[in-house]
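The values are calculated or read from the model by the stated rules, or taken from the named source; none is laboratory data. Just so it is clear, the model here is predicted, and its values are computed rather than measured. All Cβ positions, even for glycine, are placed from backbone atoms using ideal geometry, and neighbour counts span all protein chains on display. Heads up: the accessible areas ignore ligands, DNA and RNA and are worked out on the full protein's heavy atoms, side chains in. Shrake-Rupley method; radii C 1.70, N 1.55, O 1.52, S 1.80 Å.
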Amino acid sequence: MGTSIVVTSGKGGVGKTTTTANIGTALAMLGKKVVVVDADTGLRNLDLHLGLENRIVYNLVDVVEGTCKLKQALIKDKRLDNLFLLPTAQTKDKTAVTPEQMQELVENLKNEFDYVIIDCPAGIEHGFENAVAGADRAIVVTTPEVSAVRDADRIIGKLEAKGLEDHQLIINRIKFEMTKKGEMLNIDDMTDILAIKLLGIVPDDEKIVISTNRGEPAVTDPASKAGQAYKNIARRLLGEEVPFMELDNEESGFFSIFKKLFRR
Amino acid sequence: MDFLKLFSKEPPSKDVAKERLKLILIHDRANVSPTFLEMLKSDIIRVISDYAEIDERGLEIKLTKAGEEGISTPALIANIPIRKMKDTAK
């Protein structure tokens, strides 16, 4: 029996889909059998992040409606044999599926896979209810902005009201230079405000744009810092103790110029 | 270290963000709006004024966090300066 994890945030655009694609891929790279589920019916994007958009025949709504079997809707990843995508419908809306149907679907997937990672849509309406219905654990993604933190707090309250007590935080797009100057909320500020266990921090990384352009998750690029952060997060999910990323390795200023010169 | 910042009066913007967040989250979590607090405030003034003469400008009512071990429950804190008690109260 596998574990189901929902990736949620409240606010849109903080990196839920990127997080889902990268954690799913990283867990598969660590040898786990993984399925990533797009619960954002009507606005699906997880297929694009994995570069699998041209292979979709059936989707989650087809499975729920009985148009196809679950196995027929699963798409095997290009790179990894033990990673699968369950896409959702693009031409339906969120009411096409009920929380009960979603719960049953996730239970079935847990029989086949070690990890079921569910990409939750933004918002706190029907789509959110569906995405969390079958989840054992939750990952709350936020960024160091007041609106994202506020929405994350709301989501944490919603999760707790549902009895989903196992929830952890990922802080995405941290700009270390700005936090050092006190111009951006830092990790302590955010864990202090949200009172939730920290699962990982992901630095702001321009390479993410390139990864998404190509449909190749950042974890497949050994040079990507965000990719490294997501690999660490995947190992923490498996119960490993991995230290949080050093914040000061991107030094600036007079002395660091010399340091960089000598490092070459 | 930004040398000029030593002389500037403005706090770092992240501290402003943190303060604003803390305040708004108290309201969000308790599901009350600042307008609600204003209504509550005027009602409290009305009731207490029957018994005491109060300094309305010095009146302070706020929602804050009273919690332990991560579980936070809202608490209503009111600071009401009394000028003098009315005769009816005696």
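Within segment A:176-193, the residues that become at least 40 Å² less accessible when every protein chain is included than when their own chain is isolated (1.4 Å probe; DNA, RNA and ligands ignored) are A:182, A:183, A:185, A:189, A:192, A:193.
Quick check: the angle from helix A:225-237's long axis to the longest principal axis of chain A, C-alpha only, nearest 10 degrees? Taking the Cα atoms of chain A, the angle to A:225-237 is about 60 degrees.
Give me the extension gain from residue B:37 to residue B:20: residue separation times 0.36 nm, minus the current Cα-Cα distance, reported in nm with one decimal.
Details: separation 17, 0.36 × 17 = 6.12 nm, distance 1.68 nm.
Difference between extended and current length: 4.4 nm.
Across A:191, A:20, A:95, the residue with the most accessible area heads the list, and the full order at a 1.4 Å probe is A:95, A:191, A:20. Amide hydrogen proximity for residue A:118: with H placed 1.01 Å from N in the peptide plane, the residues at 5 or more positions away or on another chain lying under 5 Å are A:5, A:6, A:7, A:37.
Take every DSSP beta bridge whose two residues both sit in the protein assembly as shown, then give the antiparallel share in percent to the nearest 5.
Details: 14 of 42 bridges.
The antiparallel proportion sits near 35 percent.
Interface residues of segment A:105-152, defined as a loss of at least 40 Å² in heavy-atom accessible area between the chain alone and the complex of all protein chains with a 1.4 Å probe, are A:146, A:150. Using only Cα atoms, find the angle between the long axis of helix A:16-29 and the longest principal axis of chain A, and express it within 0 to 90 degrees, rounded to the nearest 10. Here the helix axis deviates by roughly 90 degrees.
Any idea of the accessible area per residue across segment A:3-263, 1.4 Å probe, to the nearest Å²?
Working: 11570 Å² over 261 residues.
Accessible area per residue: 44 Å².
Between chain A and chain B, roughly 1300 Å² of accessible surface gets buried, counting both sides and using a 1.4 Å probe. Counting only Cα atoms, segment A:101-176 measures 41, 25, 20 Å along its principal axes, largest extent leading.
Less than 5 angstrom separates the built amide H of residue B:52 from those of B:86, all sequence-distant by 5 or more or on a different chain. Each residue of segment A:129-139 was assigned a 3J(HN,Hα) from its phi angle through the Karplus expression (A = 6.51, B = -1.76, C = 1.60, θ = phi - 60°), giving 4, 5, 5, 8, 3, x, 8, 8, 9, 9, 10 Hz with x at Gly and Pro.
Centre-to-centre, using Cα atoms only, segment A:159-188 and segment A:6-42 are separated by 18 Å. Rounded to whole numbers, the Karplus 3J(HN,Hα) couplings from phi for segment A:105-119 are 4, 5, 4, 4, 5, 5, 6, 9, 10, 6, 9, 10, 9, 9, 8 Hz, using 6.51 cos²θ - 1.76 cosθ + 1.60 with θ = phi - 60°, and x at Gly and Pro. Residue by residue, segment B:31-41 carries 3J(HN,Hα) couplings of 6, 10, 9, x, 5, 4, 4, 4, 5, 4, 4 Hz when phi is fed to the Karplus relation 6.51 cos²θ - 1.76 cosθ + 1.60 (θ = phi - 60°); x denotes Gly or Pro.
The heavy atoms of residue A:180 present about 100 square angstrom of accessible area, all protein chains included, probe 1.4 Å. Mean projection of the Cα convex hull over all viewing directions, computed for the protein assembly as shown: 24.1 nm². In chain A, once you exclude exposed GluC sites (Glu not before Pro) (DSSP loop, at most 10 other Cβ within 10 angstrom), what's the longest stretch remaining? Looking at chain A, A:1-164 is the longest stretch - no exposed GluC sites (Glu not before Pro) with at most 10 other Cβ atoms within 10 Å.
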